[in-house]
Each structure stands twice: as C-alpha cells, then as structure tokens.
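*Asks:* Can you keep this structure in mind? I'll have questions shortly.
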Amino acid sequence: MSSDKNEHKITLPPGSRFRRQAGPYDLDTGRPRYAVQVIAPDEQARRQVEDNSQIMGTPGKHFYVWDIKNGSTWPVFLTLTVDGVKVGKDND
C-alpha cells in the first residue's frame, strides 16, 4: 500500500476535459455522495475549471458521471471522492 499523498490526484492539462462514469446513484437516498476537489495555482485558474458532473440513466438505473473541463492556461489537479473516500482515476 502506497503512502504517497499524491496517488489519488489526477492532472488535468490546460484546455482538457476529464469525463468518467463514477458509479451507481440512488435518487431516493442521494447516495453515494460523489465529489471533486480542484487544486489550481491561483483562484483565477480555479474559477476557469468547469464541473459539469451529472446524474444520468433511466428510471431505477441511475449513475453519476464526473465531467470536468479545465478552461485555464495552467494544469490543475483533481481529487475524486465517493462518500468521502478518495478514489483514483481508474478505480471502480
């Protein structure tokens, strides 16, 4: 098990987009809770990162999709969580 505190960070280059199905979502309970933390060089770059994450699917089969676009000229770093637990770029 790695103790590297950066193992869950995803680098999002300038002008790029990160889109990934996060997992199932229950509309009735609002669970699990999906979140993204953005780390940017400054507040101006941070404001240029768009989080268009959304719930998709058909009745009874909903899922959450992370959809983040970096509109700044600087790379930013993302940390994804499910119910407060950090997940990596390719974790299920």
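*Asks:* Computed from these coordinates, which is Cα Rg over 2.2 N^0.38 Å: (i) 1.61; (ii) 1.14; (iii) 3.11?
*Replies:* (ii)
*Asks:* Can you count the Lys pairs in the chain whose Cα atoms are under 21 Å apart, with each pair 8 or more apart or on different chains?
*Replies:* Lysine pairs satisfying the spacing and distance rule in the chain number 7.
*Asks:* Can you compute the modelled spin-label distance between Gln54 and Asp28, with each label point 7 Å from Cα toward Cβ, in nm?
*Replies:* 2.5
*Asks:* Which residues in segment 64-81 have a backbone N closer than 16 Å to a point placed 7 Å from the Cα of Val38 along the Cα-to-Cβ line?
*Replies:* Correct set: 66-81.
*Asks:* Per DSSP H run of n ≥ 4, the term is -39500 (n - 2.57); total these for the chain, divide by its residue number, and report the mean residue ellipticity at 222 nm rounded to 500 deg cm²/dmol.
*Replies:* Helix-only estimate at 222 nm: -1000 deg cm²/dmol.
Laboratory data are not the source of any read-out in this text; all were calculated from the coordinates shown. Just so it is clear, the structure is predicted and the values come from calculations on it, not from any experiment. No Cβ is skipped: glycine too gets one built from the backbone with ideal geometry, and neighbour counts run over all protein chains shown.
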